[in-house]
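Chemist: What follows is a single structure, and I will ask about it in a moment.
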Amino acid sequence: MIVVATADFELYHEVVALLRDRGVAFTTVDPGDDLPVEASAVIASPDDDAVGDGETDRVTATAADARRAVDEALALLRGGEGRTVVGVDPGVRPGIAVLAGETVVAAFQVPLGDAVETIRREVADAVDPLVRIGDGARLQGARLVNDLDDVTVELVDETGTTPYLGTGARGMGDVLAAVNIARLEGERIDSREVDPTAGELQRIKDRSRQLSTDDRTIDEGLARRVAAGDLTVEEALDEHRD
């Protein structure tokens, strides 16, 4: 069981709300009180008094990083902290899954332009985090690899990582694939250079026409810059108009 033992009202409010949202059983005690015998982890602020006999794992946090504290406490509850591994199924809207050991503690699907910031935020407080990126969607995957130059990255063969989706699971495929990618060993990679194919460039140009309000298609030079991650399609359209 997770125990919340803090006199910090903001931290208490954030942690309790997160635990309730996840359906996690927990209890609360005043700092300095005895812990229930079934306690597996204690969440407290840096200023709170110690609780229990010192043998129960303590997760220290402030209100600003309450979610990180809950993730860590859940990992302890389920058998150990484990390394933080982020799996990424690349694409226009990458699926992102964050694992602590074998436990999935967070999942996202965000626009490509927001993916690096999301990943960096999730690994900011982790010790020796690892990011595993699927080798599909070559252009988007290469952009992520190159932008994550301050994190250990592995490139993973993503064959077979997208599961069958039954009724009601539509839209979950990329996130579930990211979970599977996170659990597969890959090859350490520092950068990835990809020369876009004619078909890939054409798809970018087609996308520009779809997004354009004046029936405009960007040229190949701009499409190459989009492929390299230097421009978004919208930015390329603005340059083309200028």
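The values are calculated or read from the model by the stated rules, or taken from the named source; none is laboratory data. Just so we're clear, the structure is a prediction, and the values are computed from it rather than from any experiment. Neighbour counts run over all protein chains shown; Cβ positions are idealised from the backbone, glycine included. Side chains are part of the model used for accessible areas, which takes the heavy atoms of the whole protein and leaves out ligands, DNA and RNA. Shrake-Rupley method; radii C 1.70, N 1.55, O 1.52, S 1.80 Å.
Chemist: Determine whether A64 is open to solvent by 20 Å² or more (accessible area, probe 1.4 Å) and either among the acidic types (D, E) or assigned to a loop (DSSP other than H, G, I, E, B) (or both). Walk me through it before giving the result.
Modeler: Numbers: open to solvent by 20 Å² or more (accessible area, probe 1.4 Å): yes; either among the acidic types (D, E) or assigned to a loop (DSSP other than H, G, I, E, B) (or both): no.
Spelling it out, it is not the case that A64 is open to solvent by 20 Å² or more (accessible area, probe 1.4 Å) and either among the acidic types (D, E) or assigned to a loop (DSSP other than H, G, I, E, B) (or both).
Chemist: Would you be able to tell me the number of residues in the range 190-227 that are open to solvent by 60 Å² or more (accessible area, probe 1.4 Å) and in contact with a Pro (Cβ under 8 Å, 6 or more places away or on another chain)?
Modeler: Qualifying residue count for the region: 1.
Chemist: Name the residue that is farthest from R192 (Cα to Cα), counting only residues in the range 87-116 that are modelled with pLDDT under 95 and of a type in the set (D, E).
Modeler: By that ranking, first place goes to E102.
Chemist: Let me ask something additional. Scanning for something closer than 29 Å to V123 by Cα and part of a loop (DSSP other than H, G, I, E, B), does the range 208-215 turn up at least one residue?
Modeler: No: zero hits.
Chemist: Cβ-Cβ distance below 7 Å, separation of 6 or more or different chains: which pairs start in the range 1-21 with a residue that is surrounded by fewer than 22 Cβ atoms within 10 Å (Cβ to Cβ) and end on one that is at pLDDT below 95 and among the basic types (K, R)?
Modeler: Cβ pairs passing all conditions: L18/R67.
Chemist: Next up: Check the range 165-188 and report whether any residue there is under 16 Å from A142 (Cβ atoms), charged (D, E, K, R) and touching a helix residue (DSSP H, G or I) at 6+ places or on another chain (Cβ under 9 Å). Even if it seems obvious, please write down each step before you answer.
Modeler: Our first condition is that a residue be under 16 Å from A142 (Cβ atoms); within the range 165-188, this holds for 181, 186-188.
Among the residues that remain, those that are also charged (D, E, K, R) are: 187-188.
If we keep only those that are touching a helix residue (DSSP H, G or I) at 6+ places or on another chain (Cβ under 9 Å) too, we end up with none.
No, every residue in the range 165-188 fails to be under 16 Å from A142 (Cβ atoms), charged (D, E, K, R) and touching a helix residue (DSSP H, G or I) at 6+ places or on another chain (Cβ under 9 Å).
Chemist: Check every one of the strands (runs of 3 or more DSSP E) wholly within the range 76-156 and list those with 1 or more residues that are within 13 Å of the chain's Cα centre (by Cα) and in contact (Cβ under 8 Å) with a residue 12 or more places away in the chain.
Modeler: Working: elements: 84-89, 95-100, 103-109, 130-134, 152-156.
Passing ranges, in order: 84-89, 95-100, 103-109, 130-134.
Chemist: Among A97, A44, A39, A126, which is open to solvent by less than 40 Å² (accessible area, probe 1.4 Å) and either in contact with a helix residue (DSSP H, G or I) (Cβ under 7 Å, 6 or more places away or on another chain) or at positive phi (or both)?
Modeler: Of A97, A44, A39, A126, the one residue that is open to solvent by less than 40 Å² (accessible area, probe 1.4 Å) and either in contact with a helix residue (DSSP H, G or I) (Cβ under 7 Å, 6 or more places away or on another chain) or at positive phi (or both) is A97.
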